[in-house]
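All remarks here apply to the structure that follows.
The values are calculated or read from the model by the stated rules, or taken from the named source; none is laboratory data. Note that the coordinates shown come from a computational prediction; the quantities given were computed from them, not determined experimentally. Methodologically, a virtual Cβ is constructed for each residue, glycine included, from the backbone with ideal geometry; neighbour enumeration extends over all protein chains shown. These area figures cover heavy atoms from the full protein model, side chains too; ligands, DNA and RNA do not enter into them. Shrake-Rupley method; radii C 1.70, N 1.55, O 1.52, S 1.80 Å.
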Amino acid sequence: MRYILALDQGTSSSRSIVFDQAGQVVAMAQREFRQIYPQPGWVEHDPLEIWTSQLATVHEVLAKAQLQASDMAAIGITNQRETTVVWNRRTGEPIYNAIVWQDRRAEPTCAALRSQGHEDTVRSKTGLRIDAYFSGTKLQWILDHVTGARALAEQGELAFGTVDSWLIWKLTDGRSHVTDVSNAARTMLLNIHTNTWDAELLGLLNIPAALMPTVLPSSAHFGDTSAALLGTSLPIGGVAGDQQSALFGQACFTPGMAKNTYGTGCFMLMHTGANFQHSQNGLITTSAAQATSTPQYALEGSVFIGGAVVQWLRDGLRAISTSGEVEGLAHSVPDSGGVMFVPAFTGLGAPYWDAEARGAIVGLTRGSTVAHIARAALESIAFQSAALLHSMNRDAVSGGGVAVTELRVDGGACVNDLLMQIQADLLGIPVVRPAVTETTALGAAYLAGLHAGVYSGLDELSQQWRADRTFYPTLPTDQAQERMDRWERAVRQATAR
């Protein structure tokens, strides 16, 4: 039996998982680390804490699995995307905290770029909107605000990376300064047609090219770990940003296959193959994880508030004492009784893109109860995700592609059977929950295993994927459309000025 070690470096914790050759979890270890909030809208991590917590979970998971590092065929890495680290090449020390993907400090820069008319250039080359979410303007902020940083960068003394690059640098004792295409595509600096850093975009943000890591396919030789860390040197063979890694772990390798991750927010990606397609329906285009050097793309949409609406029911409204109670409470009524809940606590993401929208509960009557509100809250996750999928289908069909015929799901909230059934009813297609729900880490393991020769190719991985349960739609199409129409009316109320 050959094993693969997956490092899953997330926003609130670092995890390591050992998978066997069949893609089953052998053991798992997890450690949380500090969230740093210097001022409103700013979110930071200590890069050294990210590293030490990740390394600690590696030692812990090997002990739990009762295996040695030498039993691992390769290491795969998946990570929180867009989070930005800059460090000194000579000392290996960060020059500033990591600026996290959620951080909004660079929004004034983005507003200026938009007002100067750069939106079309950025979108045509990167597939992205100009937004503080992405790494480029975070990197620019560090260079402009850390004393001496820009001069050192221009002298080639500094290195930039997303979290994958930082971990690889530390794992290889500074021998590898690399990233994969799926992470590079989230910087707003990569031309995703050529998979190369774009000189015009670097110039636009005044970023020296010497800072940038080498871009590789997602399944490649990223370097070998220092033997001193684990007692033996291991190849790093797979790297992908968390959402693209989940798409790969769900075996969505061909155009029209899609997955939705139900976490604090929701992230939906649909594979579009070699077809780079601009969305006409509020989505972004991004690089999918690539097993070869041939560019592969996906349409992506993000829901800001998914499972977080259940946390609000618990902590804000105090309607439930634990998150697990929401399914029973929502199940106690046959429907929401006309109540619609738009959880725009931090604005609305795709496909609406309205930062000023605020949460709204509409359709209340004297007969409305907390159970109806709980049901409407649960339904809001499915409504937002359905709006994403409908947008993806419109884009796919208009671009000569194929519509999604089933939705593969993962993330913490996918264990909620009622939510998954509501989702299938709204979409009118099967919703499929996999047997292995650790799809983000599994994607990294698969990419590493491909490079290490553990797997022969994508066909073998497709055959290995197994469903746990399939939720089939039970609602007539006209009724599903009527519900979506009511949802859109509620959104218009939440976004009215």
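Can you say whether E107 is under 25 Å from the mean Cα position of the chain (by Cα), on the phi < 0 side of the Ramachandran plot and in contact (Cβ under 8 Å) with a residue 12 or more places away in the chain, as far as the supplied structure shows? It is true that E107 is under 25 Å from the mean Cα position of the chain (by Cα), on the phi < 0 side of the Ramachandran plot and in contact (Cβ under 8 Å) with a residue 12 or more places away in the chain. In the stretch 111-150, the qualifying residues are those that are over 23 Å from the mean Cα position of the chain (by Cα), in contact (Cβ under 8 Å) with a residue 40 or more places away in the chain and not in a helix (DSSP H, G or I), and the one that is farthest from V86 (Cα to Cα) is H118. Is the stretch 247-260 home to any residue that is without any contact (Cβ under 8 Å) to a residue 24 or more places away in the chain, farther than 26 Å from A69 by Cα and polar (S, T, N, Q)? Checked against the condition, which is being without any contact (Cβ under 8 Å) to a residue 24 or more places away in the chain, farther than 26 Å from A69 by Cα and polar (S, T, N, Q), the stretch 247-260 yields at least one hit. Residues in the stretch 228-267 that are among the hydroxyl-bearing types (S, T, Y) and surrounded by fewer than 24 Cβ atoms within 10 Å (Cβ to Cβ): T232, S233, T254, T264.
Scan T225, T162, T126, T172 and give me the residue that is open to solvent by less than 30 Å² (accessible area, probe 1.4 Å), polar (S, T, N, Q), closer than 30 Å to T264 by Cα and out of contact with any Lys or Arg (no Cβ under 8 Å at 6 or more places or on another chain).
On the way: T225 fails: closer than 30 Å to T264 by Cα; T162 fails: out of contact with any Lys or Arg (no Cβ under 8 Å at 6 or more places or on another chain); T172 fails: closer than 30 Å to T264 by Cα.
After applying the criteria, what remains is T126.
Of Q30, Q54, Q39, which residue is within 20 Å of the chain's Cα centre (by Cα), polar (S, T, N, Q) and surrounded by fewer than 19 Cβ atoms within 10 Å (Cβ to Cβ)? Let's see the steps before the verdict.
Details: Q54 fails: surrounded by fewer than 19 Cβ atoms within 10 Å (Cβ to Cβ); Q39 fails: within 20 Å of the chain's Cα centre (by Cα).
Matching residue, one of Q30, Q54, Q39: Q30.
Residues in the stretch 129-140 that are open to solvent by 10 Å² or more (accessible area, probe 1.4 Å) and either under 19 Å from S182 (Cβ atoms) or touching a Gly at 6+ places or on another chain (Cβ under 6 Å) (or both): R129, D131, Y133. For first residues located in the stretch 325-351 and under 30 Å from A132 (Cα atoms) and part of a loop (DSSP other than H, G, I, E, B), partners that are open to solvent by 30 Å² or more (accessible area, probe 1.4 Å) and among the small types (G, A, S) and lie 6+ apart or on another chain with Cβ distances below 7 Å form the pairs P343/G359; A344/G359. For the stretch 395-446, a residue qualifies if it is within 18 Å of the chain's Cα centre (by Cα) and acidic (D, E), and the qualifying residues are D410, E438. Remark: pairs (first residue in the stretch 16-31, touching a residue at least 24 places away in the same chain (Cβ under 8 Å) and farther than 11 Å from A445 by Cβ; second residue surrounded by fewer than 17 Cβ atoms within 10 Å (Cβ to Cβ) and of a type in the set (K, R); Cβ separation under 8 Å; 6+ apart in sequence or on different chains) = A27/K64; M28/K64; A29/K64.
Grab the strands (runs of 3 or more DSSP E) fully contained in the stretch 18-95, keeping just those with 2 or more residues being touching a Pro at 6+ places or on another chain (Cβ under 8 Å).
On the way: elements: 25-32, 72-79, 84-88.
Filter on the stretch 18-95 gives 72-79, 84-88.
Of all residues in the stretch 96-110, those that are assigned to a helix (DSSP H, G or I) and either of a type in the set (S, T, N, Q) or open to solvent by 40 Å² or more (accessible area, probe 1.4 Å) (or both) total 3.
State all residues of the stretch 1-17 that are assigned to a strand (DSSP E or B), among the β-branched types (V, I, T) and under 19 Å from the mean Cα position of the chain (by Cα); if no residue qualifies, say none. Residue satisfying the conditions is I17 alone.
For E154, the requirement of being modelled with pLDDT under 95 and either open to solvent by 50 Å² or more (accessible area, probe 1.4 Å) or of a type in the set (A, V, I, L, M) (or both) is met. Check whether at least one residue in the stretch 282-298 is more than 26 Å from L447 (Cα to Cα), open to solvent by 40 Å² or more (accessible area, probe 1.4 Å) and among the polar types (S, T, N, Q), and report yes or no. No, there is no match, as no residue in the stretch 282-298 is more than 26 Å from L447 (Cα to Cα), open to solvent by 40 Å² or more (accessible area, probe 1.4 Å) and among the polar types (S, T, N, Q). The condition of being open to solvent by less than 10 Å² (accessible area, probe 1.4 Å) and hydroxyl-bearing (S, T, Y) holds for only one of T214, T179, T121, that being T179.
Test A355 against the stated conditions and say whether it is among the aliphatic types (A, V, I, L, M) and either within 16 Å of V309 (Cα to Cα) or out of contact with any Gly (no Cβ under 8 Å at 6 or more places or on another chain) (or both). So A355 fails the test.
Considering only the stretch 353-369, how many residues are touching a Ser or Thr at 6+ places or on another chain (Cβ under 7 Å) and surrounded by fewer than 21 Cβ atoms within 10 Å (Cβ to Cβ)?
1
In summary, helices (runs of 4 or more DSSP H) completely within the stretch 372-484 and bearing 1 or more residues that are surrounded by 23 or more Cβ atoms within 10 Å (Cβ to Cβ) and touching a Gly at 6+ places or on another chain (Cβ under 7 Å) occur at 439-452. Here V18 fits the description: in contact with a Phe, Trp or Tyr (Cβ under 6 Å, 6 or more places away or on another chain) and either open to solvent by less than 50 Å² (accessible area, probe 1.4 Å) or farther than 21 Å from S233 by Cα (or both).
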